[in-house]
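Beneath this line is the structure, given in structure tokens, with notes to follow.
No value in this document is a laboratory result; all are computed from the given coordinates. Note that this is a predicted model, so its numbers are computed, not measured. We place every Cβ from the backbone using ideal geometry, glycine too, and count neighbours over all the protein chains shown.
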Amino acid sequence: MKAHEIDRIFDDGGSLDGIVDWSRGRRINQPATTVAVQLPPRLIEAVDREARRRELSREDVIRTLISDHLA
């Protein structure tokens, strides 16, 4: 389904319940806590490779991987 079709349903007061899997929803922009983690160089290199591949920062890759696997 295209975004403009979803917009039309929403704008017309329709329900998105049949389209959206609400069980996979996440809250964004929640306060963050800083955590220091020591990783072996091989893992840092792997994270950096993935960051370059995704064109993201190292921190964003780590955050995304943790979120995808634990949330």
Task: Ordering of 19-29, 40-50 by packing [mean C-beta count within 10 Å, highest first] - done: 40-50, 19-29
Task: Globularity index of the chain, i.e. its alpha-carbon radius of gyration over 2.2 N^0.38 Å - done: 1.61
Task: In degrees, nearest ten, helix 41-54 long axis to first principal axis of the chain (Cα) - done: 30
TODO: May I ask you to list the residues of region 23-38 whose amide nitrogen lies under 17 Å from a point 7 Å from Cα along the Cα→beta-carbon direction of Leu65?
DONE: 35-38
Open item on the list: Below 15 angstrom from the Cβ of Lys2, what's the summed charge of the other residues (Lys, Arg +1; Asp, Glu -1)?
Closed with: -2
